[in-house]
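Here's the structure, in structure tokens; my notes come after.
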Number of protein chains: 4
Amino acid sequence: MSILSDELNFLIYRYLQESGFNHSAFTFYVESNLTSCNFGNHVIPPGALVTAVQKGLQYVQAEIGINEDGSSFDDSKPLSLIH
Amino acid sequence: MSILSDELNFLIYRYLQESGFNHSAFTFYVESNLTSCNFGNHVIPPGALVTAVQKGLQYVQAEIGINEDGSSFDDSKPLSLIH
Amino acid sequence: MSILSDELNFLIYRYLQESGFNHSAFTFYVESNLTSCNFGNHVIPPGALVTAVQKGLQYVQAEIGINEDGSSFDDSKPLSLIH
Amino acid sequence: MSILSDELNFLIYRYLQESGFNHSAFTFYVESNLTSCNFGNHVIPPGALVTAVQKGLQYVQAEIGINEDGSSFDDSKPLSLIH
């Protein structure tokens, strides 16, 4: 199972735009060759990249919780991507 | 549950570097103010952003599979972030 | 006789700004390390780089005119930087 | 008398490249739309922008020298673009 590189790049591009990183968005759009992709007509919900990453962290956290003691994990603490 | 903005930005920065988007990486590093963050000493596994997003898609796909008919989902097809 | 590198870089930076090349201006400001230069208090006339280059072309054109036949050169034609 | 905007942009682009400002060169090439210009076949001497600006400063300096007292100017001091 894999995601398509262009799709991930497009989500990153949207994230850069939504977060106000205008210079990065411009450079990335060109450098990742998104100009040749046809995502213009697709409706992407705001925050799609953040949502996907958060879901991924929940998934990992759930796996850890189940593997260790079967109890549900504490979702009041922020998850960390960097250890 | 939320992820920290700086952490997500750092994963994106690493993705840009790993993918050879050097110009975008340079611009994003400055624009997102990662210069003032202290992630230099942290060990980030290669492909961390891709892994997190893929896990998130699996999570969503699993939810869809369970909600609809209880059967397991087909992981031979690539998941799509964009509909 | 030489111009200082930082000064030329600052004129280029101003040109990028004045011409609406905002992404280039941002990247160049950081990459050329103008952040550490102290030109903020200096008053630079608008179009300073263009003026300097045009003067340079006049100078060259005048030299050519004098060297060849002693007559004055025709300034109705646009000068070309690229041959 | 004027220089063509595309020509000046191309000289700046070459300067950015020659000076090792690779990120700025990349961004500027795209943002200034040099992709659609046909300068690829032209031979530009190295340092063309620096040369043009220096000539411009000499021209200005010569004008000042002649206007004031008729004596030649001292070219041992670096000329300054910023006052």
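The values are calculated or read from the model by the stated rules, or taken from the named source; none is laboratory data. Please read these numbers as outputs of a predicted model, since none were measured by experiment. Neighbour counts are summed over all protein chains in view; Cβ atoms, including those assigned to glycine, are modelled from backbone coordinates with ideal geometry. Accessible surface areas use protein heavy atoms only, side chains included; no ligands, DNA or RNA. Shrake-Rupley method; radii C 1.70, N 1.55, O 1.52, S 1.80 Å.
Is there a residue in region B:37-48 that is within 9 Å of chain A (Cβ to nearest Cβ), in contact with a Lys or Arg (Cβ under 7 Å, 6 or more places away or on another chain) and either part of a helix (DSSP H, G or I) or open to solvent by 60 Å² or more (accessible area, probe 1.4 Å) (or both)?
yes
I'm checking my understanding of the structure. Among residues of region C:12-25 that are facing another protein chain (nearest Cβ under 7 Å) and in a helix (DSSP H, G or I), which one is surrounded by the most Cβ atoms within 10 Å (Cβ to Cβ)?
Step by step, filter region C:12-25, then rank; the result is C:Ser24.
Condition check ((1) within 7 Å of chain D (Cβ to nearest Cβ); (2) surrounded by 16 or more Cβ atoms within 10 Å (Cβ to Cβ); (3) at pLDDT below 75) across all residues:
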site: C:Phe10; (1), (2), (3): yes, yes, no
site: C:Thr27; (1), (2), (3): yes, yes, no
site: C:Thr35; (1), (2), (3): no, no, no
site: C:Val53; (1), (2), (3): yes, yes, no
site: C:Leu57; (1), (2), (3): yes, yes, no
site: C:Ile66; (1), (2), (3): no, no, yes
site: C:Asp75; (1), (2), (3): yes, no, yes
